[in-house]
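The values are calculated or read from the model by the stated rules, or taken from the named source; none is laboratory data. No experiment lies behind these values; they were computed from the predicted model shown. In this analysis, Cβ positions are derived from the backbone assuming ideal geometry, glycine residues included, and neighbour counts consider all displayed protein chains. Protein only, heavy atoms only, side chains kept; ligands, DNA and RNA dropped before computing areas. Shrake-Rupley method; radii C 1.70, N 1.55, O 1.52, S 1.80 Å.
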Amino acid sequence: MHLPLVQASNIITNYNGTANLTPLVGGLVADSFAGRFWTITFGSVVYQIGMVCLTLSAALPSLHPPPCAKHAADCQRASSYQIAVLYMSLLCTSIGTGGTRPCTMAFGADQLELNAHGRRGARPKWSFFNLYFFAVELAKLTAVTAVVYIQENVGWGWGLGVPTIAMLAAVIAFVSGYSLYVRMPPGGSPMVRLAQVAAAAFKKRKAAVPDASLLYQDKELDAGISTTGRLLHTDQLKFFDKAAIVTDGDVLPSGQPNPWRLSTVHRVEELKSIIRILPICAAGIILVTSSSHNHSFAIQQARTLNRDLTPHFRIPPASMLIFTNLAMLLTLAFYDRVLVRVLRRLTGRPNGITHLQRTGVGLTIAMLSNAVAAVVERRRRSVAAASGLLDAPKATLPMSVFWLVPQFTIHGIANAFMDVGRMEFLYDQAPESMRSTAAALYWLTFSIGSYLGTLLVTIVHAKTQRSGQWLPDNLNRGKLDNYYWLVVALEVVNLVYFFVCVKYYTFKPLETVGGEEEVELYHGNGNGANGAKKQGGSFK
């Protein structure tokens, strides 16, 4: 579309922000009434429409500006109409992701949740998430190699047409398996239940909380939203326990409780679980902000470097993302097949280390990625200066593009720890009736992080105009390395925040249904379930 660097970068991050915000709505729709299968199906169809429009935008000459002349200093920018068509296409794909992203992982895990005896498993399918992210990275690898090659050498019409056709095949394949799937029924609006608990607690704010054994319980009422077992009482966030205090007027003439005045302990703990999850989720926001430049500035860096592999083949700039994908694929395979087995012997845990420990390792590695990026960028600018090419932004510098490989690779390794760890954590710690919504929280961090990336770039661009721009269109005259160091500083603060959140986090205590008693208390703050009381069945 021939847009300035900062504007193009912000369009990408704003699109990512929107595409990762809509899953919050999709997750609520799936958990409330539609179910995961139909939510995925609807989202896939809308996404398909967006991909068709995007392909037409690239294929039809009237929907994009003409190619730049070979030696022209300026290119004709896209018109308002052409930008509007692009935005409408991206909006459709954003809405479509709202149906697919929060549901696909949870839907896949649902297929593995039933054991051979038809009963629900005792622990989340942590290995499934490794497999899921492995498949996603394999798809990304195809995208940044075959698809990008087509875009660069054949044209954007075919470059977008190929994934559009692939998406159509995927939709058909998914829908055709309808009769084979385990389709968990929706448990009613989780947001309504959370609102009912909050309202009931507020109405009884002056009441004294009795002993936990006297709080309201109703197994039949909670049966549909606690098939793997009820949540047990915890001593944190005691204010919400007031919602489970039985007072006059709480029970309707029919004998059923008024949900806006009285909630069960299980429903109170659903709200507590979500509140406890939120600070951990927030740690992923800066993570996304710090990596948002991988799809913009880092690719522009690659454009200035020597990308020739042979006299007849040049690496497309966007294909540098292959090293992130490859690193994540190899790390996931190594983690699942080797590292977990070693760690299992050391810790005694089935998955080696906890989800939060895995996430913390990833956050630490991610800082190294941006530190390396800053050092490499400083080297790139020094080469441009030594070659007399500071004012030639389109010139190829005498420096190999493979200097960028370490930062992409380290980022892929970090993602293998962070992304899977965070998703495992959300699936495991969210109430079972809110797993699509919890998955949406994962994507919500991407949304907020992307918007924050836009804000950070905009502020840096505005504040550095007088003292020497960090992010001009001509990167040779910029100070992109300063931007990378700023991101590293933000990541250090974020890592400290994450460790504080983990120290005080309490894992949810779950009463399994029937079977032999089995105690497996995870320690978030040194005291396991922090006051959870055994009420029959067994702890998880």
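Residue count for region 73-111 satisfying the condition of being polar (S, T, N, Q), open to solvent by 30 Å² or more (accessible area, probe 1.4 Å) and either outside any helix (DSSP H, G or I) or under 17 Å from A34 (Cβ atoms) (or both): 3.
Please determine, by comparing only the residues of region 33-51 that are touching a Leu at 6+ places or on another chain (Cβ under 8 Å) and crowded, with 19+ Cβ neighbours inside 10 Å, which one is nearest to W158 (Cα to Cα). Reasoning before the result, please.
Here is the first cut: in region 33-51, the ones touching a Leu at 6+ places or on another chain (Cβ under 8 Å) are 48, 50-51.
Those left that are additionally crowded, with 19+ Cβ neighbours inside 10 Å: 50-51.
Numbers: G50: 15, M51: 12 Å.
The extreme case among them is M51.
Restricting attention to region 193-211, which residues are among the small types (G, A, S), surrounded by fewer than 20 Cβ atoms within 10 Å (Cβ to Cβ) and assigned to a helix (DSSP H, G or I)?
Residues of region 193-211 that are among the small types (G, A, S), as a first pass: 195, 198-201, 207-208.
In the following step, the residues that additionally are surrounded by fewer than 20 Cβ atoms within 10 Å (Cβ to Cβ) were identified as 195, 198-199, 207-208.
Residues satisfying the conditions are A195, A198, A199.
For region 396-431, residues that are out of contact with any helix residue (DSSP H, G or I) (no Cβ under 7 Å at 6 or more places or on another chain) and either among the polar types (S, T, N, Q) or surrounded by 22 or more Cβ atoms within 10 Å (Cβ to Cβ) (or both) total 2. Beta carbons closer than 6 Å, at least 6 apart along the sequence or on distinct chains, pair a first residue in region 10-31 that is closer than 21 Å to I459 by Cβ with a second that is open to solvent by 50 Å² or more (accessible area, probe 1.4 Å) for I12/H295; G17/Y451.
Within region 438-476, being out of contact with any Ser or Thr (no Cβ under 9 Å at 6 or more places or on another chain), part of a helix (DSSP H, G or I) and β-branched (V, I, T) holds for T445, T458, I459, V460.
Could you go through region 305-312 and let me know if any residue there is crowded, with 20+ Cβ neighbours inside 10 Å and either assigned by the TED database to the domain that holds R435 or touching a residue at least 24 places away in the same chain (Cβ under 8 Å) (or both). If you could, list the steps in order and put the result at the bottom.
Narrowing region 305-312 to residues crowded, with 20+ Cβ neighbours inside 10 Å: 305.
Still in the list and also either assigned by the TED database to the domain that holds R435 or touching a residue at least 24 places away in the same chain (Cβ under 8 Å) (or both): 305.
Within region 305-312 (the criterion being crowded, with 20+ Cβ neighbours inside 10 Å and either assigned by the TED database to the domain that holds R435 or touching a residue at least 24 places away in the same chain (Cβ under 8 Å) (or both)), the answer is yes, since at least one residue qualifies.
Inspection of region 355-362 finds a residue satisfying the criterion of being under 28 Å from the mean Cα position of the chain (by Cα), at pLDDT 90 or above, hydroxyl-bearing (S, T, Y) and surrounded by 19 or more Cβ atoms within 10 Å (Cβ to Cβ). In this structure, A58 qualifies as modelled with pLDDT of 85 or more and either over 20 Å from the mean Cα position of the chain (by Cα) or in a helix (DSSP H, G or I) (or both).
Filtering region 212-236 to residues that are hydrophobic (A, V, I, L, M, F, W, C) and outside any helix (DSSP H, G or I) leaves L215, L231, L232.
Considering the conditions (1) over 30 Å from Y483 (Cα atoms); (2) at pLDDT below 90, F334 is excluded by exactly one of them, (2).
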